[in-house]
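Colleague: Questions regarding the structure given below will be posed in turn.
The values are calculated or read from the model by the stated rules, or taken from the named source; none is laboratory data. Source: prediction; values computed, not measured. Ideal geometry is used to build each Cβ from the backbone, glycine not excepted, and the neighbour counts take in all protein chains shown. The area values use the complete protein model at the heavy-atom level, side chains included, leaving out ligands, DNA and RNA. Shrake-Rupley method; radii C 1.70, N 1.55, O 1.52, S 1.80 Å.
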Amino acid sequence: MSSRRQVLRSLLLETGLYVPLVAAYFFLVLRLLGDFLHDCAVGDLRLYAWLSLIVLLGQAILLDALAGMIMRFLKVRR
Amino acid sequence: MDFAISGVHLDPLILVLLGFSIGVMGGFFGVGGSFIAGPALFNLGIPMNYVVGTDLAHIAGKSVVAAKKHRALGNVDVKLGLIMTVGTVLGVEIGVQLIQYLKSIGSVDRVVGSVFFCVLVCISTGVFLESLRSLKSGVEEDRATSYPLVRWVQGLRLGPSVSLPTSGIVGISFLTIVLVALVGGFFSGFLGGGAGYIRLPMMIFLLGVPTHVAVGTDLFEIVVSASYGTFSHASHGNVDIMIALVMQTGAAVGANLGAGLTQFFSGPRIRLAFVPLPLIGAVLILYKLLKGGAGH
């Protein structure tokens, strides 16, 4: 198999593994955090601002760690 | 689904798909993607003050991860980045206050939309001309440091002078660096996103920072401007964090795919493929402005 096809195959495989995990997480976030963050936005904007920053940066780091984990897993399996 | 914070009704799948597309573009072209995210959110009926604040929030998360990777590669001039922070924070705050003023007089959609449109057309034209030149000459070397403009800027004596060994700059005015950062910060706070489209060329063609260091340091600055901008805009009620979170999940998937696809194309061709994207954003903004803004 050519290297291009191999790269494309592993990319699609990574995405295929990543999508269901992220989708599950996404519905969890919507369910658990939605009302709480809305209440904060209405009640205390300063607290809402801090929470927004923490949640966003936290989510980004978490998703990056997940992507890294999947890539390591695939390297082992390839 | 209702996004109660901004008071808009949107299908979350559209946001995930939007985030995914921006992620693919971001990974492929190495940009934040606010040139498409902002206009697209505006077209979905989100008021411009929420578009700016929410786009900044979405960029903040992505840029932390990207900056971390560039720091590991040694592409961040930490000293330059820390000096720029002064101007960046000041610029973002000016942008945020201007948005607040425009919000108070009911002109935020029209004014920000028009400025956004002009900036997007300028980016597209600039990248088009630059990539054509690169394709014609066939060279992509880092020659900016020898430009007369760079030598003139580095020769300016405005206040104290600092040396930047990581960037190979012997001496440059502290105030010049702060001013460059202030302009980038202003665009970030006023239009949303990281404003790398204005900061990066200024760092290369005015300050004379080598391209690979400029890219890493610009990402470091985007972390500062997007994080501070998110906080400041959220404090003024301009951020719908749920929209940003949903978009970020899609972007995380797309970024991986986009970065992998760069292996199949050369640099100037990638930049040439980028040209229509800001124009698409400009058309989306123009369309919505002609239809009468977000309708709030």
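Colleague: Given the whole protein assembly as supplied and a 1.4 Å probe, what does the accessible area of A:MET69 come to in Å², nearest 10?
Modeller: 110 Å²
Colleague: Can you tell me the orientation of helix B:34-43 relative to chain B, as the angle in degrees between its alpha-carbon axis and the longest Cα principal axis, to the nearest 10?
Modeller: 20 degrees
Colleague: Measure nothing fancy, just the Cα-based angle from helix B:12-29's long axis to the longest principal axis of chain B, in degrees from 0 to 90, nearest 10.
Modeller: Helix B:12-29 sits at roughly 10 degrees to that axis.
Colleague: Still on this structure, I have one more. For chain B, what is the accessible area per residue in Å², given a 1.4 Å probe and the full set of protein chains?
Modeller: For chain B, the per-residue accessible area is 39 Å².
Colleague: For chain B, with all protein chains present and a 1.4 Å probe, just round the carbon and sulfur fraction of the accessible area to a whole percent.
Modeller: Carbon with sulfur: 70 percent of the solvent-accessible area.
Colleague: Quick one: net charge around B:LEU164, please, counting Lys, Arg +1 and Asp, Glu -1 for every other residue with C-beta under 11 Å from its C-beta.
Modeller: That sum, taken over residues with Cβ under 11 Å, equals 0.
Colleague: Let me ask something additional. Treat every Asp and Glu Cβ in the protein assembly as shown as -1 and every Lys and Arg Cβ as +1, leave all other atoms uncharged, and give the resulting dipole magnitude about the Cα centre to the nearest 20 debye.
Modeller: With Lys and Arg at +1 and Asp and Glu at -1, about 1120 debye.
Colleague: OK, next. Between beta-carbons, use under 15 Å as the cut-off and find the net charge around A:CYS40, counting Lys and Arg +1, Asp and Glu -1.
Modeller: Within the 15 Å Cβ shell, the charges total -3.
Colleague: About its Cα centre, what dipole magnitude does the stretch A:3-77 give when the only charges are +1 on Lys and Arg Cβ and -1 on Asp and Glu Cβ, stated in debye to the nearest 20?
Modeller: Working: 8 positive and 5 negative charges, 146 e Å.
Charge dipole, the stretch A:3-77, about its Cα centre: 700 debye, nearest 20.
Colleague: Find which of A:LEU37, A:PHE27, A:SER10 sits farthest along the positive direction of the dipole of the stretch A:3-77, computed with +1 on the beta-carbon of Lys and Arg, -1 on that of Asp and Glu, about the Cα centre.
Modeller: Result: A:SER10.
Colleague: Normalised by the number of residues in the stretch B:8-290, what is the relative contact order in percent for Cα pairs under 8 Å and 6+ residues apart? Present the calculation step by step, with values, prior to reporting the outcome.
Modeller: Details: 495 pairs, mean separation 121.6, N = 283.
Relative contact order here is 43 percent.
Colleague: Apply the Karplus curve 6.51 cos²θ - 1.76 cosθ + 1.60, θ = phi - 60°, to the phi angles in the stretch B:193-204 and return the couplings in whole Hz, x for Gly and Pro.
Modeller: Values per residue, Gly and Pro as x: x, x, 6, x, 4, 9, 6, 4, x, 5, 5, 7 Hz.
Colleague: Can you give the accessible area buried between chains A and B, summed over both chains, with a 1.4 Å probe, in Å² to the nearest 100?
Modeller: 3100 Å²
Colleague: Here's something else I'd like to know. With the solvent-accessible surface defined on protein heavy atoms using a 1.4 Å probe, which residues belonging to the stretch A:40-55 display a reduction of at least 50 Å² in accessible area in the multichain context relative to the isolated chain?
Modeller: Those are A:LEU45, A:TYR48, A:ALA49, A:LEU53, which lose 50 Å² or more relative to the chain on its own.
Colleague: Let me have the 222 nm mean residue ellipticity of chain B computed from DSSP H runs of 4+ only, each contributing -39500 (n - 2.57), with the sum over all residues rounded to the nearest 500.
Modeller: -24000 deg cm²/dmol
Colleague: Quote the charge dipole size of the stretch B:8-290 about the Cα centre in Debye, to the nearest 20; the model charges only the Cβ of Lys and Arg (+1) and of Asp and Glu (-1).
Modeller: Roughly 400 debye, rounded to the nearest 20.
Colleague: Any idea how many Lys pairs in chain B come in under 22 angstrom at the alpha carbon, given 8 or more places apart or on separate chains?
Modeller: For chain B, the number of qualifying lysine pairs is 4.
Colleague: Show A:CYS40, B:CYS122 ordered by accessible area, largest first, where the area counts protein heavy atoms only and the probe is 1.4 Å.
Modeller: B:CYS122, A:CYS40
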